[in-house]
Amino acid sequence: MTRAIANRQVRLKSRPVGNPTADNFDIRAGDLPPLQDGEVLRRTIYLSLDPYMRGRMSDAPSYAAPVTLGGVMCGHTVSRVVESRNPDFQVDDFVAGYDGWQEYATSNGKDLRKLDPNAAPLSTAIGVLGMPGLTAFVGLIDIGRPKAGETVVVSAASGAVGSVVGQLAKARGCRAIGVAGSDDKCRYVVDELGFDTCVNYKHSDFYRELKAACPNRIDIYFENVGGAVQAAAFRLLNRGARIPLCGLISEYNSTEDAPGPNLRTSLLVNRAMIQGFIVSDHTDRTPAFVQEVAPLVRAGRIKYREDIAEGLDAAPKALMGLLEGRNFGKALVRVSPDPTR
Ligand SMILES: NC(=O)c1ccc[n+]([C@@H]2O[C@H](COP(=O)([O-])OP(=O)(O)OC[C@H]3O[C@@H](n4cnc5c(N)ncnc54)[C@H](OP(=O)(O)O)[C@@H]3O)[C@@H](O)[C@H]2O)c1
């Protein structure tokens, strides 16, 4: 085809403050240049809409660059090849790509994955068998490490990621509890998806309902939303619980920081891990610790300082001092003379 291709695109006109509005988008007709050798022209069939797009509309620091002002909105797509000057693609091939919010796109094809429409409905390539499905799989299986019999709670349970999380959890022999924002969604999560139960977080006694749904408390809380749902789930965590921190959608439109640490920028974006531990669970590490550290102490390569109170009677005051920061170094009480010093 030597003529230009009429295209329509949705571009980012301005960055939203709070909830995005129609004014932030600009729908424009425009021509694609004629196809060059090696290129593939496709027509978008499906465009995936995903929560991360809110982040791309903002220029706040994140794990990926924002859409530039005036740029085409990004997004995963399923398309049909309508013209090809690339031997790897034939007209009428179906492909998954990242063409964004536009009717047509061209490229050299390296960014495309061919789809077999007989293997699964085309749209699943950007849903249950695409990025959201993979997110559920990695988060639950690799990070959550579910074991049969454990309780898995997932927020945004009726959505693209959450729905897969709960069903994979069931397939692994876990008890799957959903949290969703309407009774209709909850019914779907239980009746259609096969979760054990689902709690509507908009109910006034949500925490009590979640607690009742988790008689053995929570082993994995798959975090999709943050906010009040997170606060309730955290109160019910079991010893050794895992929290795949996948998303915090309740904060995405917020113009103010939620109270407490900002988990999105500090943990999620940095792929950072947070894990509670109690040293008494790790006494088996004592020999390794002493073997490594004692020589360093002897060689003066690890220094220490002691703040020694004299006599047992000094202990209460010394402890109170420690709690107020008056100790300077390891707080000790010399209860009786040390014959070696
Ligand atoms: N880390 C990653 O690589 C990665 C990849 C994909 C997705 N994600 C994250 O996974 C989460 C789910 O994404 P998805 O694609 O599966 O979306 P989704 O669940 O299909 O759709 C979003 C849902 O979030 C819920 N929601 C919206 N505002 C909320 C609020 N203020 N409080 C509580 N829930 C709220 C709504 O369900 P209710 O009606 O039930 O509230 C809404 O339907 C998002 O946080 C997303 O950013 C992360």
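The values are calculated or read from the model by the stated rules, or taken from the named source; none is laboratory data. Computed from a predicted model, the values in this text were never measured in an experiment. When we count neighbours, we look across all protein chains shown, and the Cβ atoms used for this are built from the backbone with ideal geometry, even at glycine. Please note that ligands, DNA and RNA were not included when accessible areas were found on the heavy atoms of the full protein model with its side chains. Shrake-Rupley method; radii C 1.70, N 1.55, O 1.52, S 1.80 Å.
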(Q) Using the Cα centre of the range 3-161 as the reference point, and only Cβ charges (+1 on K/R, -1 on D/E), how large is the resulting charge dipole? Debye, rounded to the nearest 20. (A) 260
Q: Could you pull the Cα extents of the range 47-92 along its three principal axes, largest to smallest, in whole Å?
A: 41, 19, 18
(Q) Which one, Pro16, Gly100, Met53, projects farthest toward the positive side of the charge dipole computed for the range 1-102 from Cβ point charges (K/R +1, D/E -1)? (A) Pro16
(Q) For the ranges 320-332, 29-41, 76-88, what's the packing order if you count other beta-carbon atoms within 10 Å of each residue, average per peptide, and put the highest first? (A) 76-88, 29-41, 320-332
Q: Return the whole-Å distance between the Cα centroid of the range 180-213 and the Cα centroid of the range 251-310.
A: 37
Q | DSSP beta bridge pairing in the chain, given as percent antiparallel to the nearest 5 | A | 60
Q) What is the magnitude of the charge dipole of the chain about its Cα centre, with +1 placed on the Cβ of each Lys and Arg, -1 on the Cβ of each Asp and Glu, and no other charges, expressed in debye to the nearest 20? A) 700
Q. Extent of the range 142-287 along each principal axis, from alpha carbon coordinates, in Å, largest to smallest?
A. 56, 40, 27
Q: Enter the accessible area of Val290 (Å², nearest 10), with the probe set to 1.4 Å and all protein chains included.
A: 70
Q | Selection from Val164, Cys198, Val179, by position along the positive dipole direction of the range 151-209 (Cβ) | A | Val164
(Q) At 0.36 nm per residue, and after removing the present C-alpha to C-alpha distance, how many nm does the segment from Lys303 to Tyr63 gain when stretched out fully? (A) 82.5 nm
Q) With contacts defined as alpha carbon pairs under 8 Å and 6 or more residues apart, what's the relative contact order of the range 133-212 in percent? A) 24
**Q.** GNM result for the chain, Cα springs below 10 Å: residue of Ile45, Ile243, Ile220 fluctuating most strongly
**A.** Ile45
Q.
Below 8 Å between Cα atoms, with a sequence gap of 6+, how large is the relative contact order for the range 183-310 in percent?
A. 14
Q | Gain upon complete extension [Thr197, Asp23; 0.36 nm per residue less C-alpha separation] | A | 58.6 nm
Q) If we sort 295-306, 8-19 on the protection proxy, mean other Cβ atoms within 10 Å, highest first, what's the order? A) 8-19, 295-306
Q. Structure shown: which of Lys170/Lys211; Lys147/Lys185; Lys114/Lys147; Lys110/Lys185; Lys185/Lys211 lie over 30 Å apart, alpha-carbon to alpha-carbon?
A. Lys114/Lys147; Lys110/Lys185
Q | Among Asn270, Ala213, Val293 - extreme Cα towards positive end, dipole of the chain, charges at beta-carbon | A | Val293
Q) Any idea what the dipole of the range 130-277 comes to, in debye rounded to 20, about its Cα centre with Lys/Arg Cβ at +1 and Asp/Glu Cβ at -1? A) 500
Q | Cα-based reach from Lys330 at 12 Å (exclusive), listing aspartates and glutamates while leaving out same-chain residues under 8 positions away | A | Glu306, Asp307
Q | Kirkwood-based Rg to Rh ratio, the range 132-216, C-alpha trace | A | 0.95
Q: Over all directions, average the projected area of the Cα convex hull of the chain and note it in nm².
A: 27.0
**Q.** Accessible area expressed per residue, the chain, with surrounding protein chains retained (probe 1.4 Å, Å²)
**A.** 59
**Q.** Helix-only mean residue ellipticity at 222 nm for the chain, each DSSP H run of n ≥ 4 adding -39500 (n - 2.57), per residue, nearest 500
**A.** -6000 deg cm²/dmol
Q. Counting pairs of alpha carbon atoms under 8 Å apart in space and at least six apart in sequence, what relative contact order in percent does the range 31-120 give?
A. 34
Q. Okay, which of the range 293-308 sit inside 20 Å, backbone N to the point 7 Å along the Cα-Cβ direction of Leu322?
A. 303-308
